[in-house]
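Let me begin by presenting the structure, written as structure tokens, before commenting on it.
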Amino acid sequence: MMTALSLPALPARYKPASIWVLYVVGLLPGFYAFYLGIFGGLGADPVRAFEHLLGLWALRFLCLGLAVTPLRDLFGINLIAYRRALGLIAFYYVLAHFTVYLTLDRGLIFSSIAGDILKRPYIMFGMAGLLMLIPLALTSNQVSIRRLGPTWNKLHKLVYPVLIVAVLHYALSLKVISAEPAFYITVAVVLLGYRLIRPRIMARRRAKRGMARP
């Protein structure tokens with residue numbers, strides 16, 4: 001049976017600083033991609049390449065945020081303090097990805113944008129993901145948690161449909177499913193699958209703990 005890893009916990013006084021470090025480090029790839037775009041480092045179609053990189057980093061941070069619970073449950077790696085930051089970084093990348101699409105890609109020509117949305121299903125999935133992420137980002141604070149109570153947990157389960165549409169958006173935007181999109185599809189299936197079986201795993205653990213008590 002898999003056992004939890006014993007990892008040293010970061011002292012509580014350092015956690016706020018470490019979360020800010022995560023924000024800085026997490027957003028660096030986006031700034032670096034912007035730098036490459038300015039100085040001709042993104043190839044023949046820098047706008048599309050920049051847009052793609054921002055979307056890919058959004059998907060990566062979304063997966064990282066959803067991996068926090070399985071890592072804690074299965075391996076004893078407790079990164080719960082960083083889950084909100086990972087989710088918000090993912091949202092920032094989605095917002096940047098969408099902004100680049102609206103401005104640099106489509107030039108704010110809304111007739112072209114509307115036609116694009118209707119013609120390309122993957123853009124519909126991307127829009128759906130953004131719309132679902134907005135309330136999650138707006139309520140990712142302690143005030144919202146207190147005010148919404150149990151509703152907050154129900155609302156934030158939207159992150160799982162967000163992952164589904166994000167992977168569909170990414171995979172369908174490519175002409176060929178190569179190793180990279182196949183990897184993210186696999187990660188998404190594993191994360192979503194774990195969500196489905198987690199209640200059984202936790203129930204078994206509680207039962208074993210109860211049997212182990214004198």
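The values are calculated or read from the model by the stated rules, or taken from the named source; none is laboratory data. Predicted, not measured: the structure shown is a model, and the values here were computed from it. Neighbour counts run over all protein chains shown; Cβ positions are idealised from the backbone, glycine included. Ligands, DNA and RNA are excluded from the accessible area calculation, which covers all protein heavy atoms including side chains. Shrake-Rupley method; radii C 1.70, N 1.55, O 1.52, S 1.80 Å.
Computed quantities for the displayed model
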read-out	value
Mean accessible surface per residue for the chain, computed with a 1.4 Å probe while every protein chain stays in place, in Å²	63
Projected area averaged over orientations for region 108-182, convex hull of C-alpha atoms, nm²	6.7
Distance from region 75-96 to region 167-184 (C-alpha centre basis), Å	22
Per residue, the convex hull volume that the Cα atoms of region 94-137 enclose (Å³)	66
Unit charges on C-beta of K, R, D, E only; dipole of the chain, Debye	1480
Whole-angstrom Cα spans of region 53-94 along principal axes, big to small	31, 15, 9
Selection of chymotrypsin sites (Phe, Trp or Tyr not before Pro), region 35-137, meeting DSSP coil and at most 15 other Cβ within 10 Å	PHE39
Spin-label model distance (nm) - GLN142 vs VAL176, 7 Å beyond Cα toward Cβ	5.2
Kirkwood hydrodynamic radius (C-alpha pairs) into Stokes-Einstein, the chain, 10 °C and 1.306 mPa s, D in µm²/s	83
Convex hull per residue volume in Å³, alpha carbons only, for region 1-112	136
